[in-house]
Amino acid sequence: MGRVVVGVAVTVAVATCAVAAVVVGRRVKSRRKWKKVANVVRELEEGCDTRVGRLRQVVDAMAVEMHAGLASEGGSKLKMLLTFVDNLPNGTVIVSISVLGVPHDRTRCLSILFFWNEEWTEKGTYYALHLGGTNFRVLRVQLTGQPTSDLEHEVERQPIPQNVMTSTSEDLFDFIASSLKDFIAKEGDGSTISQGRRELGFTFSFPVKQMSVSSGILIKWTKGFSIVDMVGRDVAACLQEAFIRNGLDVRVAALVNDTVGTLAVGHYHDPDTVAAIIIGTGTNACYLERVDAIIKCQGLLMSSGRMVVNMEWGNFWSSHLPRTSYDIDLDAASPNPNDQGFEKMISGMYLGDLVRRVILRMTLESDMFGPISPKLSMPFILRTPLMAAMHEDNTPDLREVARILNDIFEIPDVPLKARKIVVKVCDVVTRRAARLAAAGIVGILKKIGRDGSGGITGGRSRSDMKMKRTVVAIEGGLYSKYTLFREYLRDALNEILGEDIAKHVILKVTEDGSGIGATLLAASYSS
């Protein structure tokens, strides 16, 4: 009997040890799993480091590249494109007509210019089309002839069909013209479509070499567009031909980049506005530059002595930018590798996909999300607004994070600890983007002497500088709708400039400015 008891005791002890070994083994395996995930997050944080010292290096690099881009064509990754917009509205509409002489070899500008400048108050109805990303907009604005903070306007939005984004130029512009025709037909009783000629501003948010205020040659596509037969052609002329094909008596009075339109409406409401930034699906910037600083076109004279320069800053690059393996992989898989490097780090088109790539890496390193979902390998399946919703999820159990992971990636029952890690990844990617955008803004202010340092070649100390009130107009959902992005950007601006200087820099959200600004410029340059 004793032997039986001993045998049972031994068996129980062995079984207990076995169970304990299994439990310990699982705990060890779990610790290893979470350690691998923690390593991925730590590497991401280190790769996305944006301490203020590095941001100031980015500021200096941006200002130097701006100077180089103004000095010569091809002298910088920044194209620094001339817009021929030399006067901006101030609550009244200013007309300025400039004629630029060009020599036979068409490589340099002649110092021959005839210009006529007249200030007058505009009244009437003007239109705008805005093609700038995943959405297309058509607007109608009523100008009363009196300065107002609330311009009466109507707007319609619709998505760009995916097939149109990669089709032919005729398909694209017929789609745009047809949309405008439908919009005009809704005026009154619909009979107004046959009335007199309408003036329109076309906001075209892609790199264009401006030939005049109302014409420009497409340099390249960005933001997912790839219409090969359009590159090298006059954008406004293609749109004008589509109007004719669709029976519309509409004239393209102004061809502008969305940042130029945003600057126009910002300046209309606040004359201290010196620059405009787009931070949405894509990103870009423009600003007011002295004409004598545009070295690559010496002899160019404008009535105001200034001109709006379209930077195309999405293509900015510097060795000081904090680049990770995820950035490298995203760039290699994109339609435009080795291009738009700055845009791929800070714009809404790409932030969600960067987060997706990090989540995929963590899933490959461990089973924290369960079996690997095929959806995790689908580029751009996680759009940035959904990433922002996860980042800003303030529920105790992060229900929104769980819902999005299930709905988008088909990953159910994600543990709370894993959801918190996803929020952390969103935070790291977003914080880097916002802080780099802030460095870009300060780079512009440095170039024009509004950062408290006296400009790129200034030698005065900050104590010698009297800072002017400086307004930067900002448009785009990534900034206006993403609270944490906006807060990170403002904080970085304060860190870089210091609070004494930063208090003079005002960031103003411009709602629908790229469309309304185009109508203001259409009125300025209408026939």
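The values are calculated or read from the model by the stated rules, or taken from the named source; none is laboratory data. In this text the structure is predicted, and so the values were computed from the model without any measurement. Cβ sites come from the backbone with ideal geometry, for glycine too, and all protein chains shown count toward neighbours. These accessible areas exclude ligands, DNA and RNA; they are computed on the full protein's heavy atoms, side chains included. Shrake-Rupley method; radii C 1.70, N 1.55, O 1.52, S 1.80 Å.
A few comments on the model shown:
- Stokes-Einstein D (µm²/s) once Rh is taken as the Kirkwood radius of region 364-447 over alpha-carbon pairs, at 4 °C in 1.567 mPa s: 91 µm²/s
- Under 22 Å of direct C-alpha separation, and excluding same-chain neighbours fewer than eight residues apart, residue 123 reaches these lysines: 186.
- Accessible area, probe 1.4 Å, largest first, for residues 171, 353: 171, 353
- R0 of 41 Å, Cβ-Cβ distance residue 328-residue 144: FRET efficiency to nearest 0.05: 0.20
- In the complete set of protein chains, residue-level accessible area for residue 167 is approximately 40 Å², probe 1.4 angstrom.
- Inter-label distance, nm, simple model (7 Å from Cα along the C-beta direction), residue 229/residue 490: 4.9 nm
- Sequentially through region 136-144, phi angles give Karplus couplings (6.51, -1.76, 1.60; θ = phi - 60°) of 10, 10, 10, 10, 10, 10, 9, 9, 8 Hz, Gly and Pro residues having no value and appearing as x.
- Sequence of 514, 72, 377 from largest to smallest accessible area, 1.4 Å probe: 377, 72, 514
- Surface calculation, 1.4 Å probe, protein heavy atoms: residue 221 sits at approximately 30 Å² accessible.
- Once the C-beta distance of residue 500 and residue 57 is scaled by a Förster radius of 22 Å, the resulting FRET efficiency is 0.55 to the nearest 0.05.
- Accessible surface area normalised per residue over region 40-82 is 44 Å², counting heavy atoms of protein chains with a 1.4 Å rolling probe.
- Set of lysines with alpha-carbon distance to residue 420 below 28 Å, sequence-local pairs under 8 removed: 29, 33, 35, 36, 344, 375, 481
- Solvent-accessible area per residue for region 304-452 (1.4 angstrom probe, square angstrom): 36 Å²
- Protein heavy-atom surface of region 353-451, 1.4 angstrom probe: 54% of the accessible area is carbon and sulfur, with nucleic acids and ligands not counted.
- Above-threshold pairs, the threshold being 28 Å between Cα atoms, out of 77/223; 424/446; 209/446: 424/446
- Accessible-area ranking of 43, 65, 499, 199, largest first, probe 1.4 Å: 499, 43, 65, 199
- Neighbour net charge for residue 242 - beta-carbon separation under 15 angstrom, K R +1, D E -1: -3
- Accessible area (Å², per residue) of region 179-277, counting only protein heavy atoms and a probe of 1.4 Å: 34 Å²
- Between residue 134 and residue 424, the simple spin-label model (points 7 angstrom out along Cα→Cβ) gives 2.8 nm.
- The accessible surface of region 267-322, taken with every protein chain in place and a 1.4 Å probe, is 48 percent carbon and sulfur.
- Distance (nanometres) between label positions extended 7 Å along Cα→Cβ at residue 90 and residue 185: 4.4 nm
- Estimated FRET transfer efficiency (residue 468, residue 33; beta-carbon r; R0 51 Å; 0.05): 0.35
- Rounded percent of accessible protein surface that carbon and sulfur make up, region 460-525, 1.4 Å probe: 47 percent
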